[in-house]
Each structure stands twice: as structure tokens, then as C-alpha cells.
Amino acid sequence: MFDKKPKMLTDVLGKTNRIVEGTTLHGDIISPADFRLDGELIGNFTSNGKLVIGPAGSVKGDIICNNADIEGTFEGKIQVEDTLNIKETATIIGEVVIGKLSVEPGAIFNASCVMFSKKSKETTSAVE
């Protein structure tokens, strides 16, 4: 009568992983879920979800994800399937390959940028 399946921890807390401010991680992260990084990652990040790099967060390495919001610092190559949102506090240095791009005034964007169309996955424009 009262047979309830125990809920998975990720179902209770949501499916967002988090690295908090003050934490430094050396290595690669592979995550099927959304991820928020307020610490420092020195390595690569791969996800089918959304990556948020908070104002205190930083990544030195390569990123592959579906969507990304960057408020902190990124140095390397980032490939975003859908939309990359760069906030005014962000610093981006390296290469960017994206579907859509949003850059707020005040952001530092020192990167080569290639935009592709979702339908063809072919490069439609390149900006150096």
C-alpha cells in the first residue's frame, strides 16, 4: 500500500554538481548533469548539460558542453553546442566554438570565435 521507491540523492537535490569557492581541482571532469564551478579547475570539462563558471571560478583547459554561462575566468578552448553567455565580470582567453553567443558590455573577450549552425554543423562564420 505504501510502497514508495527511495528517491535518489540527485532527485532530491536537483541534478547540478558544484565545486565551491576555495577548491582547486587538477584533472578532468565528465558530468552528464549541469555543473556550477565557483572554485578553480586546471584540466578539461565535458558535460551534456550546462556549465556555470561563477564570479570567483576559473578554468584553465578545454570545455565541451551544451550551454555555458561564464562570470569568472576561462583560458583554453571552449566548445558550446547551443549558447555561450559571457557576463560583464568574465575574462575569456583562447578559442571559442559556439552555436550562439551573448557578450555583456565590460567582459574581456580575447579569443578566436567560430560560430556553427545547428542544422549543418558547418562553420558559418569565423571572427579573429
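Tabulated data for the structure shown
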| quantity | calculated |
| --- | --- |
| 5 angstrom amide H check on F45, placed H, neighbours 5+ away | I29, D62, I63, I64 |
| Greater than 20 Å apart at Cα, pairs in K15/K100; K15/K77; K50/K100; K77/K100; K15/K87 | K15/K100; K15/K77; K15/K87 |
| Value of Rg to Rh for segment 28-93 (Rh from inverse mean 1/r over Cα pairs, i.e. Kirkwood) | 0.90 |
| Rounded percent of accessible protein surface that carbon and sulfur make up, segment 14-55, 1.4 Å probe | 50 |
| Residues of segment 16-63: accessible area per residue with a 1.4 Å probe, Å² | 50 |
| Distant-in-sequence amide H partners of L25 (H built 1.01 Å from N, under 5 Å) | E40, L41, I42 |
| Potential extension, K60-V20 segment - 0.36 nm per residue separation minus Cα distance | 12.8 nm |
| Full-extension gain in nm, T89 to E104, via 0.36 nm per residue minus C-alpha separation | 4.5 nm |
| Phi to ³J(HN,Hα) by Karplus 6.51 cos²θ - 1.76 cosθ + 1.60 over segment 94-102, Hz, x for Gly, Pro | x, 10, 10, 10, 9, x, 9, 9, 10 |
| Gain in span if fully extended, S31 to S117, counting 0.36 nm per residue against the direct Cα distance | 28.5 nm |
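The values are calculated or read from the model by the stated rules, or taken from the named source; none is laboratory data. Every value quoted in this text rests on a predicted model; they were computed, and no experiment measured them. Heads up: the accessible areas ignore ligands, DNA and RNA and are worked out on the full protein's heavy atoms, side chains in. Shrake-Rupley method; radii C 1.70, N 1.55, O 1.52, S 1.80 Å.
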